Amino acid sequence: MAHAFPITSLVIATFNWPQALEICLESILRQNKMPDEILIADDGSGKATQELIERFRSRFAVPVHHIWHPDEGFKLAKIRNKANVAARGEYIIQVDGDLILHPCFVKDHMTAAKPGYFIGGSRVIIDQEQSLRILHDKGIELNIFQKGISNRFNGIEVAALGKLASRVVKTTNAYNIRGCNMSYWRKDFLAVNGYNEEYTGWGREDTDLVFRFYHSGLQRRFFKFRGVAYHLWHKEADRSGLTQNDDILTHTIQTKAIWCAKGADQYLAESRH
């Protein structure tokens, strides 16, 4: 019997790195199962990114939406909220625009989607030299045996083994979450009011979302051997706001918060629904 896939939106976060976004979009074109729509959550990129998205629109058989707001510093939580509210899918796969996705990436997430659960995936790390070569050559044929690759175990894609493992292995970790590789039901995201926009700068907004998922009763699916993604090297983001962000996260954990006051509900009135 054929697997019934949920209606799925792929949300790609980006900011002023069209060269990486181009590689990411090329890898999405090679997916063996396409999402029902693509939304690019753009945290204030310039004209080059807009032009790139326009060029790619005609190459996709599914709608490609550019969700943009002006550059006001690191506002990833805000632009993800806007994109997820605008999404028409019942299920959301969330990635960053500096990933190269394995051809089975979207299908793996869609196959593993299960009511009452969310998914936090992992990534393979590409070093600086290899990343620069990929960006120059625009080559996306990657494997775990290449030079310049670490976290190789995360690059093993055996869907059947991953499905079997998810039945017997439980995970309750929230601190190893990677916002660049997640998926969840849109209704579950809205039920906790999405990302908390009180976070400023890099760090912890994904972990906060996961704790509120847990507090609301959701479970995390074990997701190894599936959803393989390769992460291009880039300089570390400014982490000067991390202490303040850690304080917000501590409060979320200690109060077992489910809802955040400054979240996705701000954008529901202006959504496409």
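The values are calculated or read from the model by the stated rules, or taken from the named source; none is laboratory data. Because the structure is predicted, anything quoted here is derived from the model rather than measured. Methodologically, a virtual Cβ is constructed for each residue, glycine included, from the backbone with ideal geometry; neighbour enumeration extends over all protein chains shown.
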*Taking the stretch 130-164 on its own, how many of its residues are over 22 Å from the mean Cα position of the chain (by Cα) and either in contact (Cβ under 8 Å) with a residue 60 or more places away in the chain or more than 19 Å from Ile28 (Cα to Cα) (or both)?*
10
*Going by the conditions given, is Phe56 part of a loop (DSSP other than H, G, I, E, B) and among the aromatic types (Phe, Trp, Tyr)?*
no
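Yes/no per residue for (1) touching a strand residue (DSSP E or B) at 6+ places or on another chain (Cβ under 9 Å); (2) of a type in the set (A, V, I, L, M, F, W, C); (3) part of a loop (DSSP other than H, G, I, E, B):
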{"residue": "Arg167", "(1), (2), (3)": "no, no, no"}
{"residue": "Leu190", "(1), (2), (3)": "no, yes, no"}
{"residue": "Glu197", "(1), (2), (3)": "no, no, yes"}
{"residue": "Thr200", "(1), (2), (3)": "no, no, yes"}
{"residue": "Gly203", "(1), (2), (3)": "no, no, yes"}
{"residue": "Tyr230", "(1), (2), (3)": "yes, no, no"}
{"residue": "Asn245", "(1), (2), (3)": "no, no, no"}
{"residue": "His251", "(1), (2), (3)": "no, no, no"}
{"residue": "Tyr267", "(1), (2), (3)": "no, no, no"}
_Residues that are among the β-branched types (Val, Ile, Thr) and in contact with a strand residue (DSSP E or B) (Cβ under 8 Å, 6 or more places away or on another chain): does the stretch 125-132 have at least one?_
yes
*State which residue is farthest from the chain's Cα centre (by Cα) when the search covers only the stretch 33-51 and only residues that are part of a loop (DSSP other than H, G, I, E, B) and acidic (Asp, Glu).*
Asp36
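Looking at Tyr175, Tyr184, which is the one that is without any contact (Cβ under 8 Å) to a residue 40 or more places away in the chain, closer than 25 Å to Val124 by Cβ and either outside any helix (DSSP H, G or I) or touching a strand residue (DSSP E or B) at 6+ places or on another chain (Cβ under 7 Å) (or both)? Steps first, answer last, please.
Working: Tyr184 fails: without any contact (Cβ under 8 Å) to a residue 40 or more places away in the chain.
After ruling out the rest, the residue left standing is Tyr175.
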*When only residues in the stretch 227-246 that are farther than 25 Å from Gln128 by Cα and surrounded by 14 or more Cβ atoms within 10 Å (Cβ to Cβ) count, which is modelled with the highest pLDDT?*
Asn245
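Can you tell me which residue within the stretch 159-205, out of those that are polar (S, T, N, Q) and closer than 22 Å to Lys107 by Cα, is surrounded by the most Cβ atoms within 10 Å (Cβ to Cβ)?
Looking only at the stretch 159-205, we keep the residues that are polar (S, T, N, Q), and these are 166, 171-173, 176, 181, 183, 193, 196, 200.
Then keep just the ones that are closer than 22 Å to Lys107 by Cα; that gives 166, 171, 181, 183.
Working: Ser166: 20, Thr171: 14, Asn181: 25, Ser183: 28.
This residue is Ser183.
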*How do the strands (runs of 3 or more DSSP E) wholly within the stretch 75-165 filter down when requiring 1 or more residues that are touching a Gly at 6+ places or on another chain (Cβ under 8 Å) and of a type in the set (S, T, N, Q): which remain?*
91-96
